[in-house]
C-alpha cells in the first residue's frame, strides 16, 4: 500500500510540475505598436511650449502603445529587448525642403518589460530612463547636417515656432538581438502625417470699406448681405463674425461701434457668431440676429481662433463699414446682381457700351417662375462664389 501511495504522490508531483516546465518562452517577435492618439488639432507649434534644455513639454502631442506576449513581462532572463526607431520627415519649402527629407531620427532601447509600454511625449525628456511598462535608454539621435540645422535654427529663433510644412512621423519596432526568429529585423511600425500650416492672413472683401465716406457713397441694397473674406486654408480653425450698428454721432470709431450692442449675434452674451470653418462666404442669417435697417451704417469683423502649443491664439480682421441703402434708390441693384451672377465679361457683352441690352433696365428677376428677392439672389451668388453652383448657359430671348 505504501508503495502504491508513493507512486500516486510521484504522479501528482509530475503533473503539478509539468505546467512549469512547459511554460512558454517570450517571443520578442510578437510585439506590436499602435497609435493611441496624435493631437492634430494643434495648428501652431511654438518653441515656448518646449524646454529645449531638458526636453520636457506639457503639450499633449502623441501616445503610442507597445504590446507583447504576457510571457515577456517580468521575465527573469533579461534578454528581451526592443529598439524603437523613430524618424521625422519634413516637406517645407520655407526651409528649402522641396521634397520629403529626413529631419531627425533616433533609436530608443526598451527592456525589462512589466506590461504594455506607453510612449507619451509628455513622459519623455533627455534624462528619461523608464516609461510606463519598461526601462528606456536613448541609444542614438541623428540630426540634420550643419547647413540644414543652421537654417532651421535661424528660422525658429526668428519666428519662435516650427516652420509650416508636412511632417511624417514614423515609429518602428525592431528586435535588438539576432538570436530570435525575427533575427534582429523590423517587427512592426506605424506612420502618421501631420499638416502644420499656421494661417498668416485674414482679409475682408465685401461688403464695405475702411472709411465711412466710401461706405456712404456705395451702399448695398440687401438686408441679408453676403459677407466675403479671404484667408489661408485651416481645417482646424474656428471662425466667428460680429456685426454692429455704427452711428457716427454716438460712436467715435468703428471699433467703438463694433463693441457696442451687436446685431449679430443678437445674444449679447456672445462676442462672435460661430460660423463654419471651411467657408469664406457667409449669408446674414434670419435667426439669431437683429434686422439690418435701411439707411443705417454697420460694421463687421471676422475672428479666427486655433490651438497652438502655447494655448489658444486669436486673429482679428480689419473692421469694415457698410451702409444699407433705401430700396427706393436700388434701381440698378438688379444689374449689379447680374454682374455677380454671370460674371463681368458676359455682363459687358450684353449690357456694356456695345451690348444688345445697353441702356435697358430690369423689371425683375424670376426664380422658378416667381419673383426673386434680393435674399434669393444673394444666396445664389454665395453658392457660386463658394463653388457649390455654376452658371451653365446664358440665353438671350
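The values are calculated or read from the model by the stated rules, or taken from the named source; none is laboratory data. Given the structure is predicted, the values throughout are model-derived calculations rather than measurements. Quick reminder, even Gly has a Cβ in these numbers, built from the backbone with ideal geometry, and neighbours come from all protein chains shown.
Could you go through the stretch 74-83 and let me know if any residue there is in the same structural domain as residue 171 (by TED's automatic domain parsing), in contact with a helix residue (DSSP H, G or I) (Cβ under 7 Å, 6 or more places away or on another chain), at pLDDT 85 or above and within 15 Å of residue 136 (Cβ to Cβ). Within the stretch 74-83, one or more residues are in the same structural domain as residue 171 (by TED's automatic domain parsing), in contact with a helix residue (DSSP H, G or I) (Cβ under 7 Å, 6 or more places away or on another chain), at pLDDT 85 or above and within 15 Å of residue 136 (Cβ to Cβ).
Taking the condition of being in a loop (DSSP other than H, G, I, E, B) and crowded, with 17+ Cβ neighbours inside 10 Å, how many residues in the stretch 269-278 meet it? Don't jump to the end; show me each part of the working.
First, the residues of the stretch 269-278 that are in a loop (DSSP other than H, G, I, E, B): 269-272, 276-278.
Add one more test, that the residue is crowded, with 17+ Cβ neighbours inside 10 Å, and what stays is 272.
Summing the residues that are in a loop (DSSP other than H, G, I, E, B) and crowded, with 17+ Cβ neighbours inside 10 Å in the stretch 269-278 gives 1.
Among the residues of the stretch 249-267 satisfying the criterion of being in a loop (DSSP other than H, G, I, E, B) and touching a strand residue (DSSP E or B) at 6+ places or on another chain (Cβ under 7 Å), which is nearest to residue 385 (Cα to Cα)? The qualifying residue nearest to residue 385 (Cα to Cα) is 265.
Please go through the stretch 157-184 and pick out each residue that is at pLDDT below 90, within 28 Å of residue 113 (Cβ to Cβ) and surrounded by 12 or more Cβ atoms within 10 Å (Cβ to Cβ). Those that are at pLDDT below 90, within 28 Å of residue 113 (Cβ to Cβ) and surrounded by 12 or more Cβ atoms within 10 Å (Cβ to Cβ): 175, 176, 177, 180, 182, 184. Considering the conditions (1) over 24 Å from residue 286 (Cβ atoms); (2) surrounded by 15 or more Cβ atoms within 10 Å (Cβ to Cβ); (3) under 23 Å from the mean Cα position of the chain (by Cα), residue 254 is excluded by exactly one of them, (3). Restricting attention to the stretch 213-235 and to residues that are in contact with a helix residue (DSSP H, G or I) (Cβ under 8 Å, 6 or more places away or on another chain) and outside any loop (DSSP other than H, G, I, E, B), the residue that is surrounded by the most Cβ atoms within 10 Å (Cβ to Cβ) turns out to be 226. Of everything in the stretch 236-248 that is under 26 Å from residue 198 (Cβ atoms) and part of a loop (DSSP other than H, G, I, E, B), the residue that is modelled with the lowest pLDDT is 236. The numbered conditions (1) outside the structural domain of residue 245 (by TED's automatic domain parsing); (2) touching a residue at least 12 places away in the same chain (Cβ under 8 Å) are all true for residue 232 except (1).
Can you confirm whether residue 269 is free of Cβ contacts under 8 Å to residues at least 24 places away in the same chain and either within 30 Å of residue 111 (Cα to Cα) or in contact with a helix residue (DSSP H, G or I) (Cβ under 9 Å, 6 or more places away or on another chain) (or both)? The answer is no for residue 269. Looking at the stretch 236-251 only, could you name the residues that are within 18 Å of residue 282 (Cα to Cα) and either out of contact with any helix residue (DSSP H, G or I) (no Cβ under 9 Å at 6 or more places or on another chain) or exposed (fewer than 14 other Cβ atoms within 10 Å of the Cβ) (or both)? Selection gives 237, 238, 239, 240, 241.
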